[in-house]
Every structure is written in structure tokens, then in C-alpha cells.
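Values quoted throughout were computed directly from the atomic coordinates according to the rules given, and no laboratory measurement underlies them. Treat the numbers as computed from the prediction; the structure is a model and nothing was measured. Positions of Cβ are backbone-derived with ideal geometry, glycine not excepted, and every protein chain shown enters the neighbour counts.
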Amino acid sequence: MRDPMFISALDLFKIGIGPSSSHTVGPMLAARTFLEKIPTVEIQSNSRVQCTLKGSLAYTGKGHATDRAIMLGLNDYSPRNLAGIDVDVLVDELSSKTYLTSQESCRFDPAIDIIFDRHETLPQHPNGMIFELVGDSGEILLTETYFSIGGGFIRDLNDIDNLVAPLEMESALVCRFSFGSGHNLLKMSRDSGKSIASMKHVNECEYLSKDDLEQGLDDIWRAMQTSVENGLKTEGSLPGSLNLSRRAKKLHDQLLENPEDANVTDWLCAYAMAVSEENAAGHMVVTAPTNGAAGVIPAILYYLVVHQGGTPEQVRDFLLVASAIGGIIKMRSSISGAEVGCQGEVGSASSMAAAGLCAVRGGTTEQVENAAEIALEHHLGMTCDPVHGLVQVPCVERNGFGAIKAYTAASLAKRGTGQHYMSLDNCLVAMKQTGLEMSEKFKETSLGGLAVSNTEC
């Protein structure tokens, strides 16, 4: 049995840009990491940088803006410092250059030097990318292989085999509450008399001050709130070949005009779709736990605050509980659509949201664990099959349904005793096994499912 690992809420929830944590955020960070290594070698006058995308990144990278992300990262941009910037304008500017901004002696033409290689997937992970600094005679001066492992985190070739979960983590053994499973979570809560939020807060404060933790959680909520509100006021079409019109603003306007006819599912869909449309447009969102599922948790939180008078303290507790459940999911299964399908993205987000909502409504630890399991159970087997490789169909609506399932799961669990047949841990075993047996056609390659079922009449 491996040691439990500590995953901070501030690592799990990250402010960045869309449309994908694994296909946009991760590759951008990988490119920036490679850029930092270039000065360690002797650069020749006509050296050039090339990036070869493998596996899922090659199949759906165009629709997920992976090429844009590589270009931004190699020009020293990170996801967080792009929030609030007009990325389209910046990309147009960088596309006209044939060299790297911070390394003018290095040639780089995105149209030539980003290669979508669909022939072989690297054996270590479906989201692989190979960066090379090539000398003027064709010799390789520097090469690095990175893997985008979900949630915007990367690993290199040296440590991918030691992967425990798709996050940078510390050992939880130094934490007072070193839970790494739903079973241990329940036991530690019973033994200590503490709630999940309280235990998670104690663990976080082993690494952060109380002020830094609360400031970080408040920043995350503000970013989530901003992404909801930006999506609710924006019209027009989403980028890409589908020419899909935004729907969240029109839906929200209808609800405001006739609130007496609106119900919780209407509001949750409007809020979740607003964030998902912002993500699809490449704008600022919070990975929660991924970009493809970024609308679920903000939708539940926004409804809690706007419609039910949720307090800042409740928002912080929600995020702590959600991150505790998210950490368990990541350690025992996966959040990567390229590894296990959308059950690991929207399913995980729905589970985390259900747990957070049940907790701030006064649910016991047993009820919270039950809520997390219910929401996840009813996403098992969900494929990741984006049409045209875009995080739009079925992703935008799917976030709305993930939020609805989370709300339903929290309500159902809160009305129960917390006793149930299928544990969260057993559900995670099922999710991981389902993902392992799922064809790669249904794991973010756009080779099967809905992605190949839209024919012209």
C-alpha cells in the first residue's frame, strides 16, 4: 500500500485559460519549461525549436488549441498570466514571427515546427510531446519529452513512471489527517470528531499559513464567479469549425424575464454552460479539476451564493471538501479524459461538487461521502468524444448535466443516513477499470462516439 499523498486545494484549482487543461494548459507549461532549458546548451546561429505532438494531443490538438499553447509557452507565457489578456490578438502577433521572443537566435515557425504525429502513441501516456532544439546541421542539441497528465500538470520522461496521480504532491504522512481513501476519510472524521473541511484545513496549514490559504481560496472563487458572469453577458459564436452559437446568455435572459417559471436545473445549466463557453473560447476559467469540466463546480457555488445566500465561509469550506474528494479521486483513479474518458473529468467534478454542497448544507461525513459516490457512479462509462476535437459538443451541455447530477446527489444523500451499499472507493475502482478497458476511440481522440456520428444529410 503506497503512502497517502497531500494535494493542496490551491494546486487542484488553478486559474488559467481554456479550452483544455490537458491539451492547452499542460502543453503551454511544458513548452515554457523547455524554453527555460535552452540557455543550458550552446545555441548555434541557425538553431530551431520543434515540437512533435503524440497520441491524443496529435488527434485533437487543433481543436483544443494545443498548437497555440505551444507557441505561447515557447514565448514565455504561462496560463495564469494570460488571464484577462486578449489571447487571440497575442497569438496573431506571435504567429507572424519566425523566432522565439526571448531567444531570437532560435528559429520557430509554428506552421512548420509543430508536428501532429498520429502514427504512434508514446507508451507511457496518451498525451506526449517531444521538444527538440535542432542545430543548423540537423543535429539534436537538446531534447525533452513531456506528458500532460491531466488537470494542467506535466511530467517528463524521467519521472512519468513514478506517477502516483496527476498532480505535484507531497507526502501526507506529515499531515495530521493523512487520508488517502474514502474509508480513511470516514474513520479519521469519526475518530477526531472533525468535519472534512476542518481536517482538510488542518492539513493545508502544514504547508500554508491560514491567511495564505484563505486568500488563495477567495481568489479561486472570484475567478470562478468572474467566468460565470463573463459567460452570461457574452453572445456570438464560439471559435472553430462548428460555428456553434453561445447559448448561456440567452438562457439566462429568459430566466430573468420569467423567474417564476425557472427551476434549479435551469439556473445550473445557464451557469455551467456560461463557464464552459468561456473555456471553449479560450478565456479565463479555473481548472476544477480540469478545463473540460470547469463549469460544474462554479455553477453549484454560484447558485449557492446567489440563490441561497451562501457565505464566504461556506464557499471556502465547499472548496476544501471538494478538493479533499478530488484528491482521493486522483490518487485512486484519474481525471484525464485521455486516460479514462469523460467519467474522469465531468464525473470527478460532479462528485466533488456534490460533496461540497452536501457538506455546507450540514451533511455528516457519511452523507458527504455518499453524495460524492452517487454523483460519480452515475457518470461511470462516460466517453470523451468531442466533435471536431473541440471542447464544445457535447462538453458545454455535459457540464450543465454534471452540475444537475451533483445537486441531485447532494440532496439525495442529505436526506439519507449516509449508509449505502457502494462505497466511493469501490466506485473509483470501477471507474479506473472501466477507463482501462475503454477503447482509445472514446478517450479524447475524436475517433469514435459522437465525434464520428454527425453526418451531412
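Test of understanding: ordering K441, K14 by Cβ neighbours within 10 Å, fewest first, what list do you get?
On the way: K441 14, K14 21.
By the 10 Å Cβ count, ascending: K441, K14.
For R398, R80, what ranking results if the residue with the fewest other Cβ atoms within 10 Å of its Cβ goes first?
Details: R398 25, R80 14.
Final ranking by Cβ density, sparse to dense: R80, R398.
With label points built 7 Å along Cα→Cβ from the Cα atoms of S95 and L436, find their separation and express it in nm.
4.3 nm
Excluding M431 itself, calculate the net charge of residues whose Cβ lies under 14 Å from the Cβ of M431, where each Lys or Arg counts +1 and each Asp or Glu counts -1.
Details: positive: K330, R332, K432, K443; negative: E339, E345, E373, E377, D425, E437.
With Lys, Arg at +1 and Asp, Glu at -1, the neighbours total -2.
When a footprinting reagent is the concern and you count Cβ atoms within 10 Å, what order do M422, M71 take, fewest first? Intermediate results must be reported in sequence, preceding the final value.
Numbers: M422 13, M71 26.
Ordered by Cβ neighbours within 10 Å, fewest first: M422, M71.
Over the chain, what relative contact order in percent results from Cα pairs under 8 Å that are six or more residues apart? Walk me through the numbers before you get to the answer.
Numbers: 961 pairs, mean separation 87.0, N = 457.
Answer for the chain is 19 percent.
So if we plug the beta-carbon distance of R80 and R118 into 1/(1 + (r/R0)^6) with R0 = 30 Å, what FRET efficiency do we get, rounded to 0.05? Mind showing how you got there, number by number?
On the way: r = 31 Å, r/R0 = 1.03.
Rounded to the nearest 0.05, the efficiency is 0.45.
Count neighbours as other Cβ atoms within 10 Å of each site's Cβ, and list the chymotrypsin sites (Phe, Trp or Tyr not before Pro) in the stretch 176-271 that are DSSP loop with at most 12 such neighbours.
Nothing satisfies the criteria.
Have a look at T121, A111, N158 and report the one farthest towards the positive end of the charge dipole of the stretch 17-162, computed about the Cα centre with Cβ charges (Lys/Arg +1, Asp/Glu -1).
T121
Nearest-5 percent of antiparallel DSSP beta bridges in the stretch 17-162?
Numbers: 17 of 22 bridges.
Taking every DSSP beta bridge with both residues in the stretch 17-162, the antiparallel ones total about 75 percent.
Which value does Rg/Rh take for the stretch 1-145 over its C-alpha atoms, Rh per Kirkwood?
Working: Rg = 15.8 Å, Rh = 15.9 Å.
Here Rg/Rh amounts to 0.99.
Once you charge only the Cβ atoms, +1 for Lys and Arg and -1 for Asp and Glu, what is the size of the charge dipole of the stretch 266-400 about its Cα centre, to the nearest 20 debye? Write down the numbers at each step before the final one.
Working: 5 positive and 13 negative charges, 39 e Å.
Roughly 180 debye, rounded to the nearest 20.
If you put +1 on each Lys and Arg Cβ and -1 on each Asp and Glu Cβ, how big is the dipole of the chain around its Cα centre, in Debye rounded to 20? Provide the component values of the computation, followed by the final result.
Details: 36 positive and 56 negative charges, 215 e Å.
Taking the Cα centre of the chain as origin, the dipole is about 1040 debye.
Based on Cβ point charges of +1 for Lys and Arg and -1 for Asp and Glu, what charge dipole magnitude is obtained for the stretch 17-162 about its Cα centre, in debye rounded to the nearest 20?
On the way: 11 positive and 20 negative charges, 72 e Å.
Computed charge dipole of the stretch 17-162: roughly 340 debye.
Have a look at L90, P239, T33 and report the one farthest towards the positive end of the charge dipole of the chain, computed about the Cα centre with Cβ charges (Lys/Arg +1, Asp/Glu -1).
Positive-most Cα among the choices belongs to P239.
Just check the stretch 252-398 against the gyration tensor rule for me: Cα atoms, a ≥ b ≥ c as the square roots of the eigenvalues, rounded for a/c under 1.5, and otherwise prolate or oblate depending on whether a/b exceeds b/c. Mind showing how you got there, number by number?
Details: a/c = 1.77, a/b = 1.04, b/c = 1.70.
Oblate is the answer for the stretch 252-398, as a/c is 1.5 or above yet b/c matches or exceeds a/b.
How would you classify the stretch 134-290 from its alpha-carbon gyration tensor, with a ≥ b ≥ c the square roots of the eigenvalues: rounded for a/c under 1.5, else prolate if a/b is greater than b/c, otherwise oblate? Write down the numbers at each step before the final one.
Values: a/c = 2.61, a/b = 1.13, b/c = 2.31.
Judged from the Cα gyration tensor, the stretch 134-290 comes out oblate (a/c at least 1.5, b/c at or above a/b).
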